[in-house]
C-alpha cells in the first residue's frame, strides 16, 4: 500500500478480556491491510496479549489511575467481583487526559473505541481525529438499548429493573428478547454511583459523538436488527462480521489436553455436552451445586470446565467419584476451541457470552442456554432460544433459581430427545454462517474501506 493511503488507527477497548480480544482481531486485520495500529490499554492487559503481533501494531501503555476502593493490582473485570466494577469504570474514565495527550502527539486518523468511553468522541473531534464505536455486543442487544436521544434523557430512559424485562416499543419486528428480572443483578448494573451515569447513558453519548458504528454481527444472522439499528442511530452502521476464531486455540498445559482428547476420542460422535460459564461468571455455591446435580442426573457424558473465579467448595463433595468415567472435570483455563471442535462434543451448556456462542455455532454445537445474569448475557440467551439453535434452562424470573431436574431435562432435550432434533439440525446448519471465515472477513474488508474513504473525504 502506498504510504499516502496508510491509516493510523488507535484502538481503545474496555478493560475486559472479552472486549480486548475482539479489538485485537480487528487490529490484526487492519495491520494486514497495511495500516498502522496503536493499541491502547494498561500494562497488565497488554502483557497478556500474544507476543507474535504484527510489527504494524504498537502497544501503548497507560498507567491506570489508582482510586480508593479499587485494589492496587486490578486492571480488568476478571480480577474483580461484580460489585467492584464501578471503581474500574471510574479509573477508566480518569484515563481521559492520558488518551487525549497520546492523540494530540500522534498522527492518528481514526480512534476505534468501546462502549464505556463516552468522553472520547468529543476529545477526538477537538483534535481532528475521527471516531468509530466498535460494539462487541450483537445488533439485537444494541436495538434493545434504544435510540441515543432516549438513552441520554434521564426522564425517558428505563427507571427500574422491571422496565428492562419488556420488549421496547421501538422494536418493530416480532421478538421476545428482553431481560429477566434476576439478570439485572444489582443497582450498579444500571447506575455508576460515582458518576451517576448509567451504562445506557454512556452508550447513548458515545453513539451520538461517533461518525460510524460497527457491530460484531452479520446480515445473514441479524438482518432485521441491523436494519432497525441504522434507523435508531441515524448514522452509518457496519456489521463487522462475527470475527470467528481461525484455529488459534492455545495448547496451554498440553499434557492435560492430551488426557482430555484421549477421553473424548473414546466417546461416540456428538454424545458429550461441554459445560463452561466463562471467566467472569461467579454463581453462588448453591446454584453451582444444583447445576452439577442436573449434569449428573442427565445421565450423559460431559466435560465441565470450572473457572478459577468459582472459589472453593464449588464442586459438590463426592461429585467427581460419582461421575467417574462419564464426567471429566477441568479446573482453570481450558482450550475451549479444541473442545468444541472435537467430533464427540454435540452440545454446549453456556453462560451465553456472545464470543462463546459464536465459537459454538461455528462448530454447529447445539446450545443449552444458562444465562450468566449480567451484561448482555440474558439477551443473547433469549435470542438463541428464539432462533431455535438451543433451549434455555427454565429459571425463576425474579431470583434466577432453578432445579436440577429442569437442568437435566433441558440437557437431554438438546442432546438426545426427539423434540430437540430441530435444535440440533438448526445449530449444525449455522456452521455455514458462524464458521464461514471468508464470509466474515468480507465484512472487515468493507469496514476497512469505510475507514479509508472517511479519511480521504476529510482531506
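Readers should treat all values here as calculations from the given coordinates under stated rules, not as data from a laboratory. Bear in mind that the values here come from a model prediction, so they are computed numbers and not experimental data. Methodologically, a virtual Cβ is constructed for each residue, glycine included, from the backbone with ideal geometry; neighbour enumeration extends over all protein chains shown.
For the stretch 298-383, dividing the convex hull volume of the Cα atoms by the residue count gives 111 Å³ per residue. Counting only alpha carbon atoms, the long axis of helix 17-32 and the longest principal axis of the chain meet at about 60°. Return the ratio Rg/(2.2 N^0.38 Å) for the stretch 346-459, where Rg is computed over Cα atoms only. Compared with the compact-globule rule of thumb, the stretch 346-459 sits at 1.34. The calculated FRET efficiency for residue 286 paired with residue 6, based on their beta-carbon distance and R0 = 45 Å, is about 0.20. Dividing the summed -39500 (n - 2.57) terms of all DSSP H runs of n ≥ 4 by the residue count of the chain sets its mean residue ellipticity at 222 nm at -11500 deg cm²/dmol. Exposure proxy for 217, 175, 141: other Cβ atoms within 10 Å of each Cβ, ordered fewest to most, give 175, 141, 217.
Could you state, as a whole-number percent, how many of the C-alpha pairs of the stretch 254-408 are farther apart than 22 Å?
Of all Cα-Cα pairs in the stretch 254-408, 36 percent lie more than 22 Å apart.
Counted by neighbouring Cβ atoms within 10 Å, the residues 349, 439 run from fewest to most as 439, 349. The convex hull of the Cα atoms of the stretch 1-97, projected and averaged over all directions, covers 6.6 nm². Given R0 = 22 Å, the distance between the Cβ atoms of residue 446 and residue 53 translates into a calculated FRET efficiency of 0.40.
Approximating the spin labels as points 7 Å out from Cα along Cα→Cβ, the residue 173-to-residue 67 distance works out to 3.7 nm. Beyond 21 Å, what share of the Cα-Cα pairs of the stretch 265-330 remains, rounded to the nearest whole percent? In whole percent, the long-distance tail amounts to 20. Stretching residue 227 away from residue 266 to a fully extended chain increases their span by 9.4 nm, per 0.36 nm per residue minus the current alpha-carbon distance. Ordering 375, 324 by the number of other Cβ atoms within 10 Å of each residue's own Cβ, fewest first, gives 324, 375. What percentage of all Cα-Cα pairs in the stretch 100-174 are separated by more than 16 Å? That fraction is 61 percent. The length gained on full extension between residue 46 and residue 437, counted as 0.36 nm times the residue separation minus their Cα-Cα distance, comes to 138.1 nm.
Here, the chain is characterised by an Rg to Rh ratio of 0.95, where Rg is the alpha-carbon radius of gyration and Rh the Kirkwood radius.
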